[in-house]
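See structure below.
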Amino acid sequence: MIKSSRNIAHDLENIIHESIRNCHPEKILPPYLKNLFIRPPYALISIGKAAVSMAEVFMNHISVSPDINCVITSPEYIPENYRNDLTIYPGEHPYPGEKTLSTSEHVLERILKSIPGNGQIVLLLSGGGSALFEIPQPGLCIRDISIITKALMEKGADIQALNTVRKQMSAVKGGKLARLLYPREIKALIMSDVMGDNLELIASGPVTPDTSTFEDAQTILSAYGLDTNLLKGIKKQKENTDFSHVTSTLISNNQTLIDQCRKVIHKRGKQFRLLPFSLSGEASMCGKRIADYIVLAVETFPVFYIGGGETSVTVRGSGIGGRNMEVALKAGLELYKTPYTWGVACVGSDGIDGPTDAAGAFITRQMLCENTVVQGEKALKNNNTYPFFKSLHSLIKTGYTGINLNDLFIAFLDKPS
């Protein structure tokens, strides 16, 4: 029996919500805390989009409370209810500003004054930390970093390019925070939002050795058509070569999210296949690649396809939307050309896709006709996918998720109706 559009959409949304819930730090973090040796005096620092959830779980499961705790995130990543003993400091995202700077300077000063050299630092790190925690290199101001970050993002720079430049501009990234906190022992527990889990790139690697160079950053600016003189104000700092006081542990990543999605679908007794490639590159091109692959690979019906990763968007229009909406819409427009019954959905696991209140969107064959196809193509051209999906009542809103593990794509494919 062929599923209705409503049933397909319902299944996709439920699978997404359950998969994200199963990746919450409450499910993932406790096993790592059992073997974490903590001795006072110590400070808890939690930075990133998942800072509040990670800090709460930590505080709920440890027996020795920290002497101080500092949680750095932005308002959209603060849940309605959280432990009242958490000290939350505001930062800005995706572009750092004066609030990020003042918070970062205050937190660093507080830790250096409160925790002696023989103390410990527990660092809970998640994506978003590049913008939320930042102090510029001497010779730059926070506005310089914001301008360069925005320019690179609008030109579709991926996280590797973006954070390679950020590390060179920062006085606390690329391992420099580890030098500032030395000789205090640092135990970092990290939630990865970077495909490949390169610790240098997650939140721009504040306590991880930096293998990139100033010349690498200049090359990237040049490749994206930006003025390399933007970095001329940087004064070379002493290199940090001693990381013997740092221990970093990865606790979850995009594969964690994919695995949970796979388990959810398997538990429902449904067939699934994993995409053999990660979501990457220009969002709309990735959507087309996914659709092309599904059509060629399908062997049995009905079946789900699961994929994860992180795309980028080169902003050419003046609309409102996000990379996940563009992936879902383009995949849908391509699948509409086939005879199959289908539904696709793509979301950001942090609950926010672009500058919107949605995590992403879903679309099914029955939602499209000649008119909506034309509207969809216009929406992609103008980067205006949010109003398009809103008109179809197919935005996916998860609210605060407490995680940041890149993006999740799910497609459902069945025989022609």
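Screening residue 193 with (1) in contact with a Phe, Trp or Tyr (Cβ under 7 Å, 6 or more places away or on another chain); (2) open to solvent by 10 Å² or more (accessible area, probe 1.4 Å); (3) outside any helix (DSSP H, G or I) gives one miss only, at (1).
Evaluating residue 339 against the criteria (1) assigned to a helix (DSSP H, G or I); (2) open to solvent by 10 Å² or more (accessible area, probe 1.4 Å); (3) out of contact with any Lys or Arg (no Cβ under 7 Å at 6 or more places or on another chain) leaves one unmet condition, (1). If the condition is being in contact with a Gly (Cβ under 7 Å, 6 or more places away or on another chain), more than 14 Å from residue 394 (Cβ to Cβ) and of a type in the set (S, T, N, Q), then region 301-347 contributes 311, 312, 314. The set of residues in region 48-76 that are open to solvent by less than 10 Å² (accessible area, probe 1.4 Å) and within 19 Å of residue 101 (Cβ to Cβ) comprises 48, 51, 70, 71, 72, 73, 74. Residues in region 292-316 that are of a type in the set (Ser, Thr, Tyr) and free of Cβ contacts under 8 Å to residues at least 40 places away in the same chain: 293, 300. Taking residue 270, is it touching a residue at least 24 places away in the same chain (Cβ under 8 Å), over 30 Å from residue 147 (Cα atoms), surrounded by fewer than 16 Cβ atoms within 10 Å (Cβ to Cβ) and under 26 Å from the mean Cα position of the chain (by Cα)? Answer is no for this residue.
Counting only residues that are open to solvent by less than 10 Å² (accessible area, probe 1.4 Å) and more than 29 Å from residue 406 (Cα to Cα), region 108-145 holds 4 of them.
Look through region 1-23, keep the residues that are among the hydroxyl-bearing types (Ser, Thr, Tyr) and part of a helix (DSSP H, G or I), and return whichever of them is least open to solvent (accessible area, probe 1.4 Å). Only one residue fits best here, namely 19. Evaluating residue 327 against the criteria (1) aliphatic (A, V, I, L, M); (2) in contact (Cβ under 8 Å) with a residue 12 or more places away in the chain; (3) more than 28 Å from residue 264 (Cα to Cα) leaves one unmet condition, (3).
Screening region 26-47 for residues that are under 17 Å from residue 185 (Cβ atoms) and assigned to a helix (DSSP H, G or I) and picking the one that is most open to solvent (accessible area, probe 1.4 Å) gives 32. Scan region 395-417 for residues that are of a type outside the set (Lys, Arg), outside any strand (DSSP E or B) and out of contact with any Cys (no Cβ under 8 Å at 6 or more places or on another chain) and the total you get is 9.
Take region 168-207 and flag every residue that is in contact with a Leu (Cβ under 8 Å, 6 or more places away or on another chain) and basic (Lys, Arg). Listed by number, the list holds a single entry, 187. Of all the criteria given as (1) polar (S, T, N, Q); (2) farther than 26 Å from residue 262 by Cα; (3) open to solvent by 30 Å² or more (accessible area, probe 1.4 Å), the one not satisfied by residue 366 is (2). Residue-level check: of (1) part of a loop (DSSP other than H, G, I, E, B); (2) under 30 Å from residue 380 (Cα atoms); (3) among the β-branched types (Val, Ile, Thr), residue 290 misses just (1).
Is at least one residue of region 306-314 assigned to a loop (DSSP other than H, G, I, E, B), among the small types (Gly, Ala, Ser), open to solvent by 10 Å² or more (accessible area, probe 1.4 Å) and within 27 Å of residue 155 (Cα to Cα)? So far as region 306-314 goes, no, none of its residues is assigned to a loop (DSSP other than H, G, I, E, B), among the small types (Gly, Ala, Ser), open to solvent by 10 Å² or more (accessible area, probe 1.4 Å) and within 27 Å of residue 155 (Cα to Cα). The single condition from (1) crowded, with 16+ Cβ neighbours inside 10 Å; (2) modelled with pLDDT of 90 or more; (3) outside any loop (DSSP other than H, G, I, E, B); (4) not polar (S, T, N, Q) that residue 209 fails is (3). Among residues of region 277-291 that are modelled with pLDDT of 95 or more, those with a beta-carbon under 6 Å from a residue that is open to solvent by 40 Å² or more (accessible area, probe 1.4 Å) and of a type in the set (D, E, K, R) at least six positions away or on a different chain give the pairs 283/323; 284/330; 287/330; 288/330.
The values are calculated or read from the model by the stated rules, or taken from the named source; none is laboratory data. For clarity, every value in this text was computed on a predicted model and none was experimentally measured. A quick note on method: Cβ atoms are made from the backbone with ideal geometry, for glycine too, and the neighbour counts reach across all protein chains shown. Remember, those area values only see protein heavy atoms, side chains included, never the ligands or the DNA or RNA. Shrake-Rupley method; radii C 1.70, N 1.55, O 1.52, S 1.80 Å.
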